[in-house]
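The values are calculated or read from the model by the stated rules, or taken from the named source; none is laboratory data. Note that the structure is a prediction, hence the values are computed from the model and not measured. Note: ideal-geometry Cβ built from the backbone for every residue, glycine included; neighbour counts use all protein chains shown. Note: accessible area is taken over every heavy atom of the protein model, side chains too, but ligands, DNA and RNA are not part of it. Shrake-Rupley method; radii C 1.70, N 1.55, O 1.52, S 1.80 Å.
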Amino acid sequence: MKPSIFLNDMLTKGAILGGVMLLSNIAENAMLYYGNSTKWIMVLGVEYLISLVVYCYLVYRFTKGYATLVLSERKQMPFFTYGNGLSYATSVSMLAGVIVALGGYMFRHYVIGYENYISNYVKLLQGWLSQAEIPASMVGTYDQMFKTIQSQEEPSLIASIFSGVWTYLMAGTFVGLIVAAFTKREP
């Protein structure tokens, strides 16, 4: 088997997964920015569940396709180990994390504006909490939390990318542990 098969397939499928997850991330950020009612939170929850299912399905399909490609290359002794599946799923997911983090940063920084994004996010949370019955003793805690959110400086591009890679590394490893069990083929 050629070593470039892994790299070529991983880059292609990682870019596809990253593009799909970036669209989901932009939709979530837009809903948080433009949504000013509780129904947007519910829509956001449904969208999140749909994107989670799509993510798991795509990781499974891509890993299964890569396994088929590897098995066709190894004609004498076809096998695809658990480790092959896990490393592929994790690698695809990490590349997707880079794409999502970069695109999400650009959307929040250049399209919406970070200050506008944070102020609308805090307004959404305040509106949501005003509809909920919270004890009077918690009001000061929430006010402090909102001040902390608003006083934080914007994360850098590098910090955003590392955060995206870390998030998708954990998600890819968790999903990859399950997917690799279904795609392995012992010799």
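The residue list Phe182, Phe146 contains one member that is under 30 Å from Pro78 (Cβ atoms) and in contact with a helix residue (DSSP H, G or I) (Cβ under 8 Å, 6 or more places away or on another chain), which is Phe182.
Scanning the stretch 129-177 for residues that are closer than 20 Å to Ala15 by Cβ and open to solvent by 70 Å² or more (accessible area, probe 1.4 Å) yields Phe162, Trp166, Thr167. Scanning the stretch 81-100 for residues that are in contact with a Lys or Arg (Cβ under 8 Å, 6 or more places away or on another chain), in a helix (DSSP H, G or I) and open to solvent by 20 Å² or more (accessible area, probe 1.4 Å) turns up Tyr82, Asn84. The residue of the stretch 23-67 that is nearest to Tyr88 (Cα to Cα), among those that are at pLDDT below 85 and among the β-branched types (Val, Ile, Thr), is Val43. Checking every residue in the stretch 16-26 against the condition of being among the aliphatic types (A, V, I, L, M) and more than 25 Å from Tyr114 (Cα to Cα) gives at least one match.
Identify, from the list Tyr66, Tyr55, the residue that is open to solvent by less than 30 Å² (accessible area, probe 1.4 Å), in contact (Cβ under 8 Å) with a residue 12 or more places away in the chain and in contact with a strand residue (DSSP E or B) (Cβ under 9 Å, 6 or more places away or on another chain). Just one listed residue meets the conditions, Tyr66. Of the helices (runs of 4 or more DSSP H) lying entirely inside the stretch 101-187, the ones with 1 or more residues being modelled with pLDDT of 90 or more and farther than 23 Å from Lys39 by Cβ are found at 157-183.
What number of residues within the stretch 178-187 are charged (D, E, K, R) and either open to solvent by 90 Å² or more (accessible area, probe 1.4 Å) or touching a Lys or Arg at 6+ places or on another chain (Cβ under 8 Å) (or both)? Total meeting the criteria: 2.
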